[in-house]
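Q: The structure follows.
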Amino acid sequence: MRIAMISEHASPLAVLGGEDAGGQNTHVAELSAALAAAGHEVRVYTRRDAPDLPVTVRSPDGYDVVHVPAGPAEPVAKDALLPHMREFSRWLIERWRGDWVPEVIHAHFWMSGLAGLTAGRQTGVPVVQTYHALGTVKRRYQGVQDTSPARRVSYERELGRSVDRIVAQCRDEVGELVRMGVPRSRMTVVPSGVNLATFAPLGPAADREPGLARILTVGRLVERKGFQTVIRAMALVPDAECLVVGGPPEGLLETDPYARRLRALAESCGVADRVHLVGAVPREEMGRWYRSADLLVAAPWYEPFGLTPLEAMACGVPVVGTAVGGIRDTVLDGTTGDLVPARDPQALATAIQGLLDDRIRRFAYAAAARERARARYSWAATAERLVEVYSEVAAVRRPTRVVA
Ligand code: UDP
């Protein structure tokens, strides 16, 4: 099939760890690679955010990344991108008048959905929507700190009622969407996958400090990822070090306000010598860090899907996670890891210490985690299920509206 991915702010070619670069970038990159490997023609449309970017870049994984000129050719925070989406969709419509017209559009995040729906309506191409994150959830947890455009939730609701299919990533997301007023019948649940070649138990591992257990936690350095809870928990877990992977490159951590806050917190909890901020790690090197750890801790306040627990599981690393969002689907409590309430350092510390003290349970979790990731979350299987969805929506004929 000819498949157009739209990922307005999250380029599959981006360096990850920054404030707006994380799971969606990985998801779009891996999904596009898996679809290309299965013989489909994939073009990923993302905003041009640097002046020297060629319009089209061929990724080594066999898909094209097309840089769409919409807004200034420089980085723009994702919450400031909405005014540029009209330009984004106009460019797509113009482009698809040429010889390459997609059979399906798969939009990632709500603003891509708006651009995709506008372009899809004008060109007669069906639209599949994956939200990756929902405004209602963000508002609930971040309150006044949520900088999303004011109308985000109503746009998300309208999108849900207008696109040809919604691909939700977990059960929690289905519930949220239903409560927003989006009919369940419009949704199909297809979870993200994990790259089972990159994330495997065997392979190089980062160096370890002798005599200390290693806890790893990974993510963009934003408050909702719960790194503060992890640092507080570390005060109750002696004989262990905690590595925090993500954020700006190591050399820039010193000037990053949130990294400084985390370091100050570690200092005040008396664990600064056992908590280390690593900074951003290239995606292809992430396996080294997971494999070096005894446990992965994922302690977000909320999590639309959460790739890092799955990546750890694929490496055979047990997870202690908070019982939120997608983590409730991927981590089987008591089988591949332990789930605890969010924002509770005491509960987190008890779970971490309990698992560090029980080697046999850790090994059993590790084996079950690896098996679960392998059996249920390969990108090839995810791509196959999505192609079924694409084929179903593409089979419904829709009139093409002539562009004025
Ligand atoms: N990641 C990375 N380098 C880093 C930090 C994170 O490659 O320094 C990757 C990580 O391996 C995962 C993604 O970024 O693939 C984060 O996805 P997740 O779903 O956990 O969080 P999100 O960013 O979507 O909130």
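The values are calculated or read from the model by the stated rules, or taken from the named source; none is laboratory data. Everything numeric in this text was worked out from a predicted model, so none of it was measured. Counting neighbours? That spans all protein chains shown, and the Cβs are built from the backbone with ideal geometry, glycine included.
Q: Name every residue in segment 267-279 that is more than 24 Å from the chain's Cα centre (by Cα), buried (at least 19 other Cβ atoms within 10 Å of the Cβ) and farther than 13 Å from residue 237 by Cα, in order of residue number. Write out each step before concluding.
A: Filtering segment 267-279 for residues more than 24 Å from the chain's Cα centre (by Cα) gives 267-275.
From the residues that got through so far, the ones that are buried (at least 19 other Cβ atoms within 10 Å of the Cβ) too are 271, 274-275.
Of everything in segment 267-279, nothing turns out to be more than 24 Å from the chain's Cα centre (by Cα), buried (at least 19 other Cβ atoms within 10 Å of the Cβ) and farther than 13 Å from residue 237 by Cα.
Q: Answer with yes or no whether residue 297 is over 18 Å from the mean Cα position of the chain (by Cα), part of a strand (DSSP E or B) and not acidic (Asp, Glu). Working first, answer last.
A: Values: over 18 Å from the mean Cα position of the chain (by Cα): no; part of a strand (DSSP E or B): yes; not acidic (Asp, Glu): yes.
When the stated conditions are applied, residue 297 does not pass them.
Q: Quick one: which residue in 128, 194, 101, 174 is buried (at least 23 other Cβ atoms within 10 Å of the Cβ), more than 16 Å from the ligand (Cβ to nearest atom) and touching a residue at least 12 places away in the same chain (Cβ under 8 Å)? So that I can check it myself, show each step before the final result.
A: Details: 194 fails: more than 16 Å from the ligand (Cβ to nearest atom); 101 fails: buried (at least 23 other Cβ atoms within 10 Å of the Cβ); 174 fails: buried (at least 23 other Cβ atoms within 10 Å of the Cβ).
One residue alone meets the criteria, 128.
Q: Could you list, in sequence order, the residues of segment 251-280 that are within 13 Å of the ligand (Cβ to nearest atom), farther than 24 Å from residue 349 by Cβ and touching a helix residue (DSSP H, G or I) at 6+ places or on another chain (Cβ under 8 Å)?
A: 253, 279, 280
Q: Okay, moving on. Out of the residues in segment 101-115 meeting the condition of being more than 20 Å from the chain's Cα centre (by Cα) and over 11 Å from residue 394 (Cβ atoms), tell me which one is modelled with the highest pLDDT.
A: Quick first cut of segment 101-115, residues more than 20 Å from the chain's Cα centre (by Cα) only: 101-104, 115.
Filter once more, so that each one left must be over 11 Å from residue 394 (Cβ atoms): 101, 115.
Working: 101: 94, 115: 98.
In this case the residue turns out to be 115.
Q: When you go through 36, 14 one by one, which is the residue that is within 16 Å of the ligand (Cβ to nearest atom) and surrounded by 18 or more Cβ atoms within 10 Å (Cβ to Cβ)?
A: Numbers: 36 fails: within 16 Å of the ligand (Cβ to nearest atom).
Only one candidate passes the filter, namely 14.
Q: Filter segment 30-88 down to the residues that are part of a loop (DSSP other than H, G, I, E, B) and small (Gly, Ala, Ser) and list them by number.
A: Going through segment 30-88, the residues part of a loop (DSSP other than H, G, I, E, B) turn out to be 38-40, 48-55, 59-63, 69-77, 81.
Those that are part of a loop (DSSP other than H, G, I, E, B) and small (Gly, Ala, Ser): 38, 39, 50, 59, 62, 70, 71, 73, 77.
Q: One residue is enough: does segment 255-264 have a residue meeting the conditions under 21 Å from residue 320 (Cα atoms) and either under 23 Å from the mean Cα position of the chain (by Cα) or aliphatic (A, V, I, L, M) (or both)? Even if it seems obvious, please write down each step before you answer.
A: Within segment 255-264, the first condition is being under 21 Å from residue 320 (Cα atoms), and the residues that meet it are 262.
Right, trim to either under 23 Å from the mean Cα position of the chain (by Cα) or aliphatic (A, V, I, L, M) (or both) and you get 262.
Yes.
Q: Can you tell me which condition residue 376 does not meet? The list is (1) under 19 Å from residue 187 (Cα atoms); (2) under 24 Å from the mean Cα position of the chain (by Cα), and all the others hold.
A: (1)
Q: Something else: Of (1) within 8 Å of the ligand (Cβ to nearest atom); (2) modelled with pLDDT of 95 or more; (3) charged (D, E, K, R), residue 283 satisfies all except one. Which?
A: All conditions pass for residue 283, except number (2).
Q: Shifting gears a bit: Answer with yes or no whether residue 99 is of a type in the set (Asp, Glu) and in a loop (DSSP other than H, G, I, E, B). Give the steps one after another, and end with the answer.
A: Details: of a type in the set (Asp, Glu): yes; in a loop (DSSP other than H, G, I, E, B): yes.
So residue 99 passes the test.
Q: Out of the helices (runs of 4 or more DSSP H) lying entirely within segment 302-359, which hold 1 or more residues that are within 16 Å of the ligand (Cβ to nearest atom) and out of contact with any His (no Cβ under 9 Å at 6 or more places or on another chain)?
A: Values: elements: 307-314, 327-330, 345-356.
The qualifying helices (runs of 4 or more DSSP H) are 307-314, 327-330.
Q: Moving on to the next point. Any idea which residue in segment 146-171 is nearest to residue 300 (Cα to Cα), counting only those that are surrounded by fewer than 22 Cβ atoms within 10 Å (Cβ to Cβ) and without any contact (Cβ under 8 Å) to a residue 40 or more places away in the chain?
A: So the residue we want is 146.
Q: Next question. Any residue in segment 220-233 that is among the hydrophobic types (A, V, I, L, M, F, W, C), farther than 22 Å from residue 109 by Cα, in contact with a Pro (Cβ under 9 Å, 6 or more places away or on another chain) and more than 16 Å from the ligand (Cβ to nearest atom)?
A: So in segment 220-233, the residues among the hydrophobic types (A, V, I, L, M, F, W, C) come out as 221-222, 227, 230-231, 233.
Keeping just the survivors that are farther than 22 Å from residue 109 by Cα gives 227, 230-231, 233.
Keeping just the survivors that are in contact with a Pro (Cβ under 9 Å, 6 or more places away or on another chain) gives 230-231, 233.
So of that shortlist, the ones also more than 16 Å from the ligand (Cβ to nearest atom) come out as 231, 233.
Among the residues of segment 220-233, at least one is among the hydrophobic types (A, V, I, L, M, F, W, C), farther than 22 Å from residue 109 by Cα, in contact with a Pro (Cβ under 9 Å, 6 or more places away or on another chain) and more than 16 Å from the ligand (Cβ to nearest atom), which makes the answer yes.
Q: Test residue 355 against the criterion of being touching a Ser or Thr at 6+ places or on another chain (Cβ under 9 Å) and closer than 26 Å to residue 202 by Cα, and give yes or no. It would help to see each step written out before you state the result.
A: Numbers: touching a Ser or Thr at 6+ places or on another chain (Cβ under 9 Å): no; closer than 26 Å to residue 202 by Cα: yes.
It is false that residue 355 is touching a Ser or Thr at 6+ places or on another chain (Cβ under 9 Å) and closer than 26 Å to residue 202 by Cα.
Q: Considering each residue of segment 262-285, count those that are more than 21 Å from residue 207 (Cβ to Cβ) and touching a residue at least 24 places away in the same chain (Cβ under 8 Å), and give that number. Step through it out loud before you land on a result.
A: As a first pass, look at segment 262-285 and keep what is more than 21 Å from residue 207 (Cβ to Cβ): 262-265, 267-270.
Next, only the ones that are touching a residue at least 24 places away in the same chain (Cβ under 8 Å) stay: 262, 265, 269-270.
Selection size over segment 262-285: 4.
Q: Condition first: surrounded by 14 or more Cβ atoms within 10 Å (Cβ to Cβ) and small (Gly, Ala, Ser). Now tell me which residues in segment 338-366 satisfy that.
A: Quick first cut of segment 338-366, residues surrounded by 14 or more Cβ atoms within 10 Å (Cβ to Cβ) only: 338-340, 342-345, 347-353, 355-356, 361-362, 364-366.
Matches in segment 338-366: 342, 347, 349, 351, 364, 366.
Q: Filter segment 84-106 down to the residues that are touching a Pro at 6+ places or on another chain (Cβ under 9 Å) and closer than 20 Å to residue 147 by Cα and list them by number.
A: 84
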